[in-house]
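Chemist: Next up is a structure, given as structure tokens.
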Amino acid sequence: MAMTDEQLLELARLSVDGEINRHSIDQFCQTYPDITEEEAYRGQELRVKLMEEQGHYAIGYKLGGTSLAKVNQLKSTIYSSSSAVISTSSVIYGRLMEYMEKKQGENLVFDRYLHPKVEPELAFIMGGDLYGEHVTAADVLHATKEIAPAFEIIDSRFHNFKIGKRYDGVIDNTSSAAFMLGEGRKSPREIDLNSIGMKLQKNGEYIGFGAGESIMGHPARAVAELVHGLSRAGRGLKAGELVLSGAMTASTPIQAGDYLRADFGGLGYVDMHVIAKDPKL
């Protein structure tokens, strides 16, 4: 049976409340086992509206399931159903809100999250609009103003980071919680995004390696897939919006006291300290 907007709004409220008040929630599939893709993204938009009612606003998108490393992690440890994600051809997206952005040099306060994890990513800063199901990776590169190194902080609101089914996560804004851009910026015409390498350190130890080609063969393809999905919902990607193209490695759990750094060669780096509590409080 199709879900009503009232039912989807209730799930969106549960997700928002879990984020704001920092408490875990039950998997949506326990009550609604057959949530469809269209219903899930309707629920996600209702979640965005709830945040807008609190004075927040959307500034872009994050992508999920765009690399084999991340897909394997989702299948083995995060989704309850092993059939939830089959391949990197089935990407999902969430919305980036203005309050999620952390500036380079700003500490991440662990106490604001439930069970945060970090993901190194390539960020696309759009310089032109894109719309339609025939947009290509070349179109994406032409419309991109700059590429930046980035961290995304994910933090599922579900108990123990067990999302349940794929579309539970979509309503929960694809687990997005925060992000940080490094200070490096390059035009996509200045760098080879396919061959760019990434080395991830945690507390001085290398724990992960990735390359641009690990994102669907080329990260611009992932952004093109986002545009295709948005066009099916009657929307597009706009100039000035930011897109995180997906994790280049499996996500890494973090704790207070951790120091993370991801080096992206000629593109620069992004680094972050995790502290226990906000010193201003």
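The values are calculated or read from the model by the stated rules, or taken from the named source; none is laboratory data. Since this is a predicted model, take the numbers as computed values, not measurements. Every residue, glycine among them, receives a Cβ derived from its backbone with ideal geometry; neighbour counts consider all protein chains shown.
Chemist: What single numbered condition from (1) in contact with a Ser or Thr (Cβ under 9 Å, 6 or more places away or on another chain); (2) surrounded by 17 or more Cβ atoms within 10 Å (Cβ to Cβ) fails to hold for V140?
Modeler: Condition not satisfied by V140: (1).
Chemist: Sort through L63, L50, L9 and tell me the only one that's closer than 25 Å to F124 by Cβ, surrounded by 13 or more Cβ atoms within 10 Å (Cβ to Cβ) and not β-branched (V, I, T). Step through it out loud before you land on a result.
Modeler: On the way: L50 fails: closer than 25 Å to F124 by Cβ; L9 fails: closer than 25 Å to F124 by Cβ.
Testing whether each residue is closer than 25 Å to F124 by Cβ, surrounded by 13 or more Cβ atoms within 10 Å (Cβ to Cβ) and not β-branched (V, I, T) leaves just L63.
Chemist: Hey, among the residues in the stretch 92-129 that are assigned to a strand (DSSP E or B) and among the basic types (K, R), which one's nearest to the chain's Cα centre (by Cα)?
Modeler: Keep residues of the stretch 92-129 that are assigned to a strand (DSSP E or B), which gives 92-97, 101-102, 108-109, 117-126.
Okay, now just the ones that are also among the basic types (K, R), so 95, 102, 117.
Working: R95: 8, K102: 14, K117: 11 Å.
So, considering only residues that are assigned to a strand (DSSP E or B) and among the basic types (K, R), the one nearest to the chain's Cα centre (by Cα) is R95.
Chemist: Take V135 and decide whether it is touching a residue at least 40 places away in the same chain (Cβ under 8 Å), in a helix (DSSP H, G or I) and of a type in the set (A, V, I, L, M).
Modeler: On the way: touching a residue at least 40 places away in the same chain (Cβ under 8 Å): yes; in a helix (DSSP H, G or I): no; of a type in the set (A, V, I, L, M): yes.
The answer is no for V135.
Chemist: Name the residue that is nearest to the chain's Cα centre (by Cα), counting only residues in the stretch 250-276 that are aliphatic (A, V, I, L, M) and closer than 22 Å to Q73 by Cβ. Walk me through how you get there before you give the answer.
Modeler: Let us first name the residues in the stretch 250-276 that are aliphatic (A, V, I, L, M), namely 250, 254, 256, 260, 262, 267, 270, 272, 274-276.
Keeping just the survivors that are closer than 22 Å to Q73 by Cβ gives 250, 254, 260, 262, 270, 272, 274.
Values: A250: 13, I254: 16, L260: 18, A262: 17, V270: 16, M272: 17, V274: 19 Å.
If we take residues in the stretch 250-276 being aliphatic (A, V, I, L, M) and closer than 22 Å to Q73 by Cβ, then A250 is nearest to the chain's Cα centre (by Cα).
A quick yes/no check of all residues on (1) part of a helix (DSSP H, G or I); (2) free of Cβ contacts under 8 Å to residues at least 24 places away in the same chain; (3) closer than 30 Å to F110 by Cβ:
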{"residue": "A2", "(1), (2), (3)": "no, no, no"}
{"residue": "Q7", "(1), (2), (3)": "yes, no, no"}
{"residue": "L11", "(1), (2), (3)": "yes, no, yes"}
{"residue": "I20", "(1), (2), (3)": "yes, yes, yes"}
{"residue": "H23", "(1), (2), (3)": "no, no, yes"}
{"residue": "Y32", "(1), (2), (3)": "no, no, no"}
{"residue": "Y41", "(1), (2), (3)": "yes, no, no"}
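Chemist: Can you tell me which of (1) surrounded by 22 or more Cβ atoms within 10 Å (Cβ to Cβ); (2) modelled with pLDDT of 95 or more; (3) over 15 Å from E19 (Cα atoms) is the one D129 doesn't meet?
Modeler: Among (1) surrounded by 22 or more Cβ atoms within 10 Å (Cβ to Cβ); (2) modelled with pLDDT of 95 or more; (3) over 15 Å from E19 (Cα atoms), the lone unmet condition for D129 is (1).
Chemist: Is it the case, given these coordinates, that R235 is among the basic types (K, R) and in a strand (DSSP E or B)?
Modeler: Working: among the basic types (K, R): yes; in a strand (DSSP E or B): no.
Answer is no for this residue.
Chemist: Can you pull out every residue in the stretch 231-249 that is at pLDDT 95 or above, hydrophobic (A, V, I, L, M, F, W, C) and more than 15 Å from the chain's Cα centre (by Cα)?
Modeler: L237, A239, listed by residue number.
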